[in-house]
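Single-structure report; data block below.
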Amino acid sequence: MQSPDSTNHAQNSVQAIEKLTIQFEDAIQLDSSSYVMFPLLMNEKANEENFIDSRTYKDTDRLGYWNIIFYNTETDTFHLLDEKKKMLIHTFDMNEKVYREYEAVFHKQYIFYTITSFDSNGDKILNEKDFIYLYVSDRAGKKFRQLSPSNYHLSSWKVMKGHDKIVMLVSKDSNNNKKIDALDEVIPFVASIKDTLPARELFDAKEKNDIKKLFDRDWKRIK
């Protein structure tokens, strides 16, 4: 027999979910395949007279998406990009820029995403103030995985012509102030799109220290 507290909790959960409204963005066809994708937003119906106090859910970034549905028009089936991870999807790249610049058929197999998936500043919400990571999936929205290293903020990324490699610049919170600023270290990493090995730093500690020594030799102020 359920306790009164557990019954009330279940009722409150049902009422909260009933207040939600799913907002599908326009369908995007994936090339000439049978797949289309629907980026997802979510809104909440609330008491207009006391809107803030009556809300159940935290604010989300209205410039991003919390998930994407991939729908197969041939099989009439669908799946979410990810059901386990809480995330804020900032952008998804259909590789049109890559096509124009490289005409690389290989890269048409993938979709790249910039995503916040970790509350890096500890304010208990995912937004543009948290670290951004690079993710990839196939064109059916499957084999979804993180490409850029954890605990680093993605600054930029580039698909290498004629290879399955992604070279990216990521920023490390060097001064531990839980944000990325001009004093933080910017580091190049490389990752393979084909394999599932973690991204690796291009230059090891000795090589970076040698670079620092060279700068120190040539640019130290003369008193």
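The values are calculated or read from the model by the stated rules, or taken from the named source; none is laboratory data. All of these numbers come straight from a predicted model, not from anything done at the bench. Neighbour counts run over all protein chains shown; Cβ positions are idealised from the backbone, glycine included.
Quick notes on this one:
- Checking D195 against (1) closer than 30 Å to Q29 by Cα; (2) at pLDDT 90 or above; (3) not β-branched (V, I, T), the condition it does not meet: (2)
- In the range 128-165, of all residues being within 19 Å of K84 (Cα to Cα) and touching a residue at least 60 places away in the same chain (Cβ under 8 Å), the one that is nearest to the chain's Cα centre (by Cα) corresponds to F144.
- A single member of N127, N151 is over 30 Å from F78 (Cα atoms) and of a type in the set (S, T, N, Q), and it is N151.
- All positions within the range 173-189 that are exposed (fewer than 15 other Cβ atoms within 10 Å of the Cβ), at pLDDT below 95 and under 17 Å from K208 (Cβ atoms): S174, L183, E185
- Wholly within the range 7-126, strands (runs of 3 or more DSSP E) carrying at least 1 residues that are at pLDDT 85 or above: 35-44, 67-72, 77-80, 88-93, 110-116
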